[in-house]
1. Taking residue B:370 as the residue in question, decide whether it is in contact with a helix residue (DSSP H, G or I) (Cβ under 9 Å, 6 or more places away or on another chain), within 25 Å of residue B:317 (Cα to Cα) and part of a helix (DSSP H, G or I).
2. Could you tell me whether residue C:634 is surrounded by 14 or more Cβ atoms within 10 Å (Cβ to Cβ), without any contact (Cβ under 8 Å) to a residue 12 or more places away in the chain and either assigned to a helix (DSSP H, G or I) or within 52 Å of the chain's Cα centre (by Cα) (or both)?
3. Based on this model, can you work out whether residue B:451 counts as over 24 Å from residue B:276 (Cβ atoms), surrounded by fewer than 18 Cβ atoms within 10 Å (Cβ to Cβ), in contact with a helix residue (DSSP H, G or I) (Cβ under 7 Å, 6 or more places away or on another chain) and modelled with pLDDT of 90 or more?
4. Checking residue C:17 against (1) over 28 Å from residue C:81 (Cβ atoms); (2) within 14 Å of chain B (Cβ to nearest Cβ); (3) without any contact (Cβ under 8 Å) to a residue 24 or more places away in the chain, which test does it fail?
5. I'd like to check something: does the stretch B:405-413 contain any residue that is without any contact (Cβ under 8 Å) to a residue 60 or more places away in the chain, surrounded by fewer than 24 Cβ atoms within 10 Å (Cβ to Cβ), within 24 Å of residue C:149 (Cα to Cα) and within 12 Å of chain C (Cβ to nearest Cβ)?
6. Give the residues of the stretch C:143-152 that are under 18 Å from residue C:46 (Cβ atoms) and in contact with a strand residue (DSSP E or B) (Cβ under 8 Å, 6 or more places away or on another chain), sorted by residue number.
7. More than 12 Å from every other protein chain (Cβ to nearest Cβ) and under 21 Å from residue B:302 (Cα atoms): which single residue out of B:124, B:115, B:155 fits that description?
8. Working only within the stretch B:431-448, note down all residues that are buried (at least 22 other Cβ atoms within 10 Å of the Cβ) and either assigned to a helix (DSSP H, G or I) or more than 10 Å from chain C (Cβ to nearest Cβ) (or both).
């Protein structure tokens, strides 16, 4: 039987993968995906906790989070299109006009 | 006391939010009508005004509803008023700028309303889930607003950086909420505060981790070091009125959430106070030191806003009602003079080819003596000079700190605010005491801009001399949930 | 009148508002009328309230007037309130009186300047801030005036911002004053924390109960307050801004140096004398810093060639005297010297302004000389002021300086070494002042022909204030004659109600006072007078007869034979043995200590911060991924901290 710790372990692992993705990826699309992964890792943790506590609050929360994530992704992708039009690149390291 | 389990679906509680949402919808629908397009600022203003009036009406009448998800006490109302006033002021001076840069689109006004609504949601709940939702409702429009000047490479960059960093921080926040939920079985701060017990072993650890991650999520929003790095870039790249918007409303909303969570929810966690201590010192110091050598005023003000967040964090480290009401007072005060300085920068940036570089200010006092006098007042307020409200705010904050026995924190804070004088006064020096050859292209005032300047100026000086009323209000806000 | 004290500061504020808001729209005549009229009006009001105060019995001479409650939250109350007592009534008389004369003088001096309206607006704001500082009844309100004065000085010193040195000088004044303010604020916080009030009367009343005499907290608070005072009143090491502050228009220098800003520190210390009495160690610090500053600045004054710089160093030196007086708990002597100094130093500066005006802006004394016959009024008044500052008997400076020296010797907190510092300074003061006088008004005319053809006596607006001040510089000291002259010291009696009479706690002080009787006092007075006379004689010998002698000494001594044959043998021997070492020492202090060390220290501090800023900026690379990395590191540290806890 799986306990809460197993789920949490997976959630934290996924979260770590997401964070690492943000740190090492140069492609903005991959960055956005990594962030999604972080949110979903949190979702997994919430669901696991909700199940362990035997309440439904967490399940409802996850749906809200999914909506939020969708909104963020929509705005993010729209922005990627705009900046690609202007600069012909989605390499995040090239975007450093603003610094110091 | 507030009934924590009130199930009633009482729409009067969220009427200010509804007014803003309605305004946003009307604007979005009317985009398709050429004539209606030009009415967008008017509709937004009307929505904000209605919202403001309803919010004032709610003062002194605490209510809760929606199964305990929404709470409207004086704390909520005070912050709602702060958000609406800052949005109104930005509406007033922003339009001209957008028109001159050819980016005046009706969607902006809808986004402004929605974002303001998100802040209100953040302030009007004791539930972590709703706080998270409010945060996102506030943030997503902000990302769009930062990047709204589609042709400007800087604005693009500001938008994408803000978006990715914002979503990144949201991930941490959500993880934090998950852990708090998991270790306490609830997301309602009132229940955590009232009858808190851990559900199982190891859960203390989960809870602490959750608290820290939540703190990180909001530290990002209020621009606390080391979660501040997006601030200078986004502030500099975004269109100036949008920057002004960033520096007041979202920041205050972040602090409102922090106040609720860490002073009401997790009241007696020793190590959180230590963390706030470290964050405050780091934030003040890094913000001020980095601001010293900036040549761009917007970027300088970005670092200055980091530093000011540091002063407010001092109150969090100290804790207690005096420090907390000082923080609320400071947020109001900072909103006033910061918006005033941004209004002036916006006014000057309308001249073509200007990028808010410090050097563009030279000759200002010859061409616009009153404008440069107003700028001086705002800079003095930012630096914390008497008799401006900036001084009262800082004084109140540091007195609370020393009363709480935080001597070193006070000394570091005072030292920092003296370092800050150097770069604020540089602005004054360039506009007054610098030789200028060539002609300074003068700018015309619009009545709205005039009104904004007068309001912020009157507030900065008036509240500096008669701070009584605002002090009472900020105390009322804090006593609402203590 | 005493019911409406607030009109005294309010009038200059109104003047500022009128001149400031209608900038450039008013004719010059109206501007000067408003500016001078308001300050003159507030002088009359000050005089009236002074007289009313005088009519009251000495114990009741205290009027507190609260305009409204400023901050009031919980147990924390601060008022916008004014306090009129013997001390503040005296100060407002000096501030408005001397201030008014300087305003009048400015009408003539600035008549050709394009920033006429701006100038008078600042000047009025300056006077207002100073009056708030003096009349405030609590620390916080005083701080308002304190900062206001600092800000106005910044604007006025940088008034001629076309000169780069002027705006740099303004900046320096500002940075140094921040360091001082830091001390002031922290000291104030400590007082509030311990006493629970910032009201002067409450603090004075409660201090003996709250603080342990000689305890750490009261000593720390007093020393921190003194740091603030040292910043405003230009004491070692925070004096560096003052010589540079000469870059502003000359009447501004007169206002800053004589009547207002720099006296703020002395005033503040006297205001809280009840606390200083409890902290003998802090008093000792004040006395030593004051005495050393007096000597140090006087020494540097010996070799300056810029007429205004000599006066600037002399101001620092005289302020050192005042702090010396405060440090030996002779508070009324300090205020007495503050007042007489206001008269003669204002006169000296305005006189120097008149000279510079006549010399078409030339400030270097090496290019002056022989001006006596061109500027008779300026010369006459300047001569009187020089006599006064040198401490010639019966002039105002004599009485005040003598009292300080005597107190430094005989007070419970005094010591012969402190007296010696003041004694030597008195001689140096007479020497450099007469050097200034001789170089400027006597000897060969060393200016070029073009300047010479323009020399003219200043207009009436400028000479009348000079004459009034000259009268004050003579008679101003008569109200504070020492007891040994067989008269009452009215000055001391007047200030008695505000000076704490507490005796020092036994065993807390490390110095043993020399004490002394009347014979001793007379003897000390006599020796000072003789020293001053000798110094004047030396200055006369060297600078009147041969202004170049000091400079050429080095050349002459290369061939001893030449020297022996030289007819000025005595002069030069005197110069070689006493004057030359002194001048080299002075040059050393100036070039090495002043310019290189203390100035360098402060500039270095600013540079250091800028360097740190520059380095730290590079962390903000503009790359998003590095931001995320910083973020994650932050998270890890916080989590680690939370887990460890």
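The values are calculated or read from the model by the stated rules, or taken from the named source; none is laboratory data. None of these values were measured; they are calculated from a predicted model. Quick reminder, even Gly has a Cβ in these numbers, built from the backbone with ideal geometry, and neighbours come from all protein chains shown.
1. Working: in contact with a helix residue (DSSP H, G or I) (Cβ under 9 Å, 6 or more places away or on another chain): yes; within 25 Å of residue B:317 (Cα to Cα): no; part of a helix (DSSP H, G or I): yes.
The answer is no for residue B:370.
2. Values: surrounded by 14 or more Cβ atoms within 10 Å (Cβ to Cβ): yes; without any contact (Cβ under 8 Å) to a residue 12 or more places away in the chain: yes; either assigned to a helix (DSSP H, G or I) or within 52 Å of the chain's Cα centre (by Cα) (or both): yes.
Here the answer is yes, as residue C:634 does meet what is asked.
3. Values: over 24 Å from residue B:276 (Cβ atoms): yes; surrounded by fewer than 18 Cβ atoms within 10 Å (Cβ to Cβ): yes; in contact with a helix residue (DSSP H, G or I) (Cβ under 7 Å, 6 or more places away or on another chain): yes; modelled with pLDDT of 90 or more: yes.
Spelling it out, residue B:451 is indeed over 24 Å from residue B:276 (Cβ atoms), surrounded by fewer than 18 Cβ atoms within 10 Å (Cβ to Cβ), in contact with a helix residue (DSSP H, G or I) (Cβ under 7 Å, 6 or more places away or on another chain) and modelled with pLDDT of 90 or more.
4. (1)
5. Yes, the stretch B:405-413 has at least one match.
6. From the stretch C:143-152, those under 18 Å from residue C:46 (Cβ atoms) are C:145, C:149; that's our starting set.
C:145 - this is the single residue of the stretch C:143-152 that is under 18 Å from residue C:46 (Cβ atoms) and in contact with a strand residue (DSSP E or B) (Cβ under 8 Å, 6 or more places away or on another chain).
7. Details: B:124 fails: under 21 Å from residue B:302 (Cα atoms); B:155 fails: more than 12 Å from every other protein chain (Cβ to nearest Cβ).
Only one candidate qualifies: B:115.
8. First, the residues of the stretch B:431-448 that are buried (at least 22 other Cβ atoms within 10 Å of the Cβ): B:431-433.
Listed by number, the residues that qualify are B:431, B:432.
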